[in-house]
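So the structure is just underneath, and the comments pick up after that.
The values are calculated or read from the model by the stated rules, or taken from the named source; none is laboratory data. Worth saying up front: this structure is predicted, and the values here are computed from it rather than measured. Counting neighbours? That spans all protein chains shown, and the Cβs are built from the backbone with ideal geometry, glycine included.
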Amino acid sequence: MSAPSHDMQSDSRTVPSSVDVVIVGAGLSGMYMLHKLREMHLSAVVFEAGTDVGGTWYWNRYPGARVDVESLAYSYSFSEELEQEYEWQERYPTQPEILRYAQHVADRFDLRRDIFFRTRVTAAMYGEDGRTWLVRTEHGDAVTARFFVMATGCLSSSKLPEIPGLDRFKGATYHTAHWPHEGVDFTGMRVGIIGTGSSGVQSIPVIAAQAADLTVFQRTPAYSLPARNRRLRPDEIADMKANYRAFRKAQKESGFGLPTPIATKSALEVSEEERNAAFEQAWESGSLVNLLTAYVDLAIDQKANDTAKRFIHSKIHQIVKDPQTAAGLCPEYPVGTKRPCLDTDYYETYNRENVHLVNLRRTPILEIAEKGIRTSDKEYAFDAIVYATGFDAMTGALTNVDIRGRGGISLKETWHAGPRTYLGISSAGFPNMFMITGPGSPSVLSNMMVSIEQHVDWVIDAIEHLDHHGLTTIEPTGQAQEAWVDHVNLIASYTLYPKANSWYMGANVPGKPRVFMPYAGGVGEYRKKCDEIAAQGYEGFALSP
Ligand code: NA7
């Protein structure tokens, strides 16, 4: 895999001392935010730790990395020209293809001139006297800004496992979210991989095909559907391009940011034959939402959900020849309550003679040793270890920056018992700070592109509103924020989501409070609420002159 051409650029520009808006992160949300601010003739600067744009798709270069939303839907809708001119190649694009898209957007809208790469933001402090944010970077830059936007992504603060001896291993180690730009050749190697979330599920078949031997260390199995990825046909691209406006409207009004037929029946009111036929259709379609939305009650009723679980278990047992391995790959938590995966030959890979599954529930890892991984059962020797162990999701990237609001209060400390936001966009005590797809918004439960555009558009409208009315600050009231947090919790409590130990719940990070972080009411409903709040003069926000 070749590194992006912009990697080698050196940056000799001077960071401005004062701008209207500081944006942290040049991923898909930071890029769009910058573009919109320019359209408003506001000055903005973006700080990005990587050497190029792309965010998630810049960092996650592991073998087999793909998005699990179809390319024609996982794309910006703000520019019809961009929609029409861009040629997606695959149904589910690979990481390099999405990165190329991000780079194309950066070129097309000349975004890089306001982005400072290789620059991590370390702190941001709100000054009540000047009503401005002072943002500091690792290089000692200090910029004041009227508005401060954290466009840092939901899955960007990567996580190593809490296992003793991580630095003892003498072979090569890799984390899926920090993959070397030049790629890794595992030919002839004995490889161990820890983690079977999306990153593990996508990379395991590719590594298995290359390595001499691959041992998968699994703590919790994933539900995974075959992606049935393929090259896009010219006729379907043309069809989408001819109908993009109607499709985008449907995306915005849908539950997951992806138009799907609205289910009308309970999974429990139909015969087993009818149900299995519907599940089979979803399985064949290569679309997660088709499965998750096949019946009205899969996300809210345990018995209904059990029917989908049994269906997937039967598929795993059909595909995986060794019954013990198949049983080990069958999850017990409700389908969809941890992020399900889309794969290419994942379960099939366990039929290869060079692939072995280690069930960590039975034989936990005790330590990483000089030569490999030691479980309660034995020591495995490896040439390389891959950590596919995920992220401090949704809050990690926000609390990693020392953000201080009114009176010097720290965001990290304020959120010690879980994130508290109004609409997932802003937090009381932090005036003029916005989060793009923050906790309390649909974010990771949606097609991120739809949620990113909605948040950026809403924030842009809010800034425009302030400027138009001669106002200087916007900040949620504590009361509105508490009501929103309660609403997010209430919606989650109607669902099965809290039943799994997922990163949605913060359960993958020891000590992190167990709170269901995304808003589960659907992007269409959420958008309506956000629009109503804006239309009521930003109800629940204090606006000050
Ligand atoms: P995930 O989905 O958080 O997966 C991480 C995996 O690593 C998961 O199977 C974890 O098991 C496992 N893990 C984490 N820590 C350990 C330790 N200490 N021991 C053993 N196993 C461990 O991250 P991904 O990168 O795969 O995917 C993130 C999202 O990106 C994905 O959901 C898509 O939205 C795209 P656990 O389940 O915690 O028992």
| said: Kindly evaluate Ala227 against the criterion of being within 14 Å of the ligand (Cβ to nearest atom) and farther than 30 Å from Glu162 by Cβ. | reply: yes
| request: Filter region 376-404 down to residues that are at negative phi, in contact (Cβ under 8 Å) with a residue 40 or more places away in the chain and touching a Pro at 6+ places or on another chain (Cβ under 7 Å), then give me how many there are. | output: 3
| query | If you go through region 265-281 one residue at a time, do you hit one that is in contact (Cβ under 8 Å) with a residue 24 or more places away in the chain, within 16 Å of the ligand (Cβ to nearest atom) and among the small types (Gly, Ala, Ser)? | reply | no
| query | How about region 133-160: which of its residues are within 30 Å of Arg219 (Cα to Cα), surrounded by 18 or more Cβ atoms within 10 Å (Cβ to Cβ) and not hydroxyl-bearing (Ser, Thr, Tyr)? | reply | Gly153, Cys154, Leu155, Lys159
| message | Residues that are more than 16 Å from the ligand (Cβ to nearest atom): list the strands (runs of 3 or more DSSP E) wholly contained in region 69-183 that include at least 3 such residues. | response | 121-127, 132-137, 142-150
| What pairs come up if the first residue lies in region 49-65 and is touching a residue at least 24 places away in the same chain (Cβ under 8 Å), the second is charged (D, E, K, R) and in a loop (DSSP other than H, G, I, E, B), and their beta carbons are under 9 Å apart, counting only those six or more places apart or on different chains? | Ala49/Arg118; Ala49/Arg120; Ala49/Glu138; Gly50/Arg118; Thr51/Arg118; Gly55/Glu48; Tyr58/Glu48; Tyr58/Asp52
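Could you run through region 39-68 and say how many residues are in contact with an Asp or Glu (Cβ under 7 Å, 6 or more places away or on another chain) and not in a loop (DSSP other than H, G, I, E, B)?
Number of matching residues: 4.
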| Hits in region 490-508 (condition: of a type outside the set (Gly, Ala, Ser) and within 17 Å of Cys341 (Cβ to Cβ)) | Tyr497, Asn501, Trp503, Tyr504, Asn508
| request: Please work out if Tyr86 is aromatic (Phe, Trp, Tyr), in the same structural domain as Trp133 (by TED's automatic domain parsing) and without any contact (Cβ under 8 Å) to a residue 60 or more places away in the chain. | output: yes
| task | Could you grab me the full set of residues in region 376-392 that are in a strand (DSSP E or B) and within 13 Å of the ligand (Cβ to nearest atom)? | result | Ile385, Val386, Tyr387, Phe391
